[in-house]
Amino acid sequence: MRKFLVVLDDSRECLNAMRFAAMRASHTGGGVAILSIIPPDEFNHWIGVGDIMREEARERIEAHFEVFAKWMRDKQSVDPELVIREGDPVSEILAQIKDDAEIGVLVLGAGTDKKGPGPLVTQLTRNSGSLPIPITIVPGDLSKEQLEAIT
C-alpha cells in the first residue's frame with residue numbers, strides 16, 4: 001500500500017497538509033503516516049530533566065495526533081500511523097522515507113506569510129531532484145472545499 005507521509009508540527013499549514021494527505025489516501029486506497037520530529041536541542045539539560053521533557057513532548061505529540069487521527073478515521077476512513085523521531089527535521093524526514101518503503105509521497109504544507117513557505121518546504125525543495133519520492137506542497141490558505149475539489 002502506498003502511504004502519504006505528512007509532518008505533524010505546530011504550524012498552521014500543517015492542517016491543510018493533513019487534510020490533503022487523508023483525502024488523497026481515502027480516494028486512492030492508500031495510507032497515511034504522520035511523522036512528528038522532536039528537535040535534539042530541546043533536551044540539552046540534565047539527564048533526568050531531559051528525560052522528563054522528552055516524555056512530555058511525546059505525550060503532546062500523541063494528543064495532537066489523536067485529534068487528526070479521529071478526523072481521518074471518522075471522515076475519510078483512513079487509519080493513520082504515528083511515527084515519532086528525534087533529530088534534525090530534514091534528516092529525520094529523509095530517514096523515514098528510506099526506512100519505510102511504502103511511503104510514496106511526501107506532503108508538506110506551505111506557509112502563507114511573507115517569510116516564505118516555511119523551513120521544511122524551503123530545505124526539501126532545494127534537494128527535490130535527488131529525493132526518491134515526489135513532494136506535494138499544499139498551499140496553507142486553501143479552503144476545505146478547495147482541498148476536496150482537488151483530491
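The values are calculated or read from the model by the stated rules, or taken from the named source; none is laboratory data. Predicted model, so just to flag it, every value in this text is computed and none were measured. A quick note on method: Cβ atoms are made from the backbone with ideal geometry, for glycine too, and the neighbour counts reach across all protein chains shown.
Being touching an Asp or Glu at 6+ places or on another chain (Cβ under 8 Å) and crowded, with 17+ Cβ neighbours inside 10 Å is the filter here, so list the residues in segment 51-81 that pass it.
57, 69, 72, listed by residue number.
Looking at segment 46-151, what strands (runs of 3 or more DSSP E) fall wholly within it and have at least 1 residues that are hydroxyl-bearing (Ser, Thr, Tyr)? Don't jump to the end; show me each part of the working.
Working: elements: 81-86, 103-110, 135-139.
The strands (runs of 3 or more DSSP E) meeting that bar are 135-139.
What are the residues in segment 121-149 that are hydrophobic (A, V, I, L, M, F, W, C) and either touching a Leu at 6+ places or on another chain (Cβ under 9 Å) or touching a residue at least 40 places away in the same chain (Cβ under 8 Å) (or both), if any?
121, 124, 131, 133, 135, 137, 138, 142, 147
Which residue is nearest to residue 117 (Cα to Cα), if the candidates are limited to segment 4-24 and must be among the hydrophobic types (A, V, I, L, M, F, W, C) and modelled with pLDDT under 95? It would help to see each step written out before you state the result.
Taking segment 4-24 first, the residues among the hydrophobic types (A, V, I, L, M, F, W, C) are 4-8, 14-15, 17-18, 20-23.
Add one more test, that the residue is modelled with pLDDT under 95, and what stays is 14-15.
Numbers: 14: 12, 15: 14 Å.
Per the criteria, the residue is 14.
For (1) at pLDDT 90 or above; (2) touching a Phe, Trp or Tyr at 6+ places or on another chain (Cβ under 7 Å), each residue gets a yes or a no:
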position	(1), (2)
109	yes, no
113	no, no
125	no, no
135	yes, no
138	yes, yes
146	yes, no
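Among the residues of segment 84-97, is any closer than 17 Å to residue 13 by Cβ, surrounded by fewer than 20 Cβ atoms within 10 Å (Cβ to Cβ) and at pLDDT 95 or above? Give the steps one after another, and end with the answer.
Filtering segment 84-97 for residues closer than 17 Å to residue 13 by Cβ gives 89-90, 93.
Filter again for surrounded by fewer than 20 Cβ atoms within 10 Å (Cβ to Cβ), leaving 89-90.
Adding the requirement that they be at pLDDT 95 or above leaves none.
No, segment 84-97 contains no residue that is closer than 17 Å to residue 13 by Cβ, surrounded by fewer than 20 Cβ atoms within 10 Å (Cβ to Cβ) and at pLDDT 95 or above.
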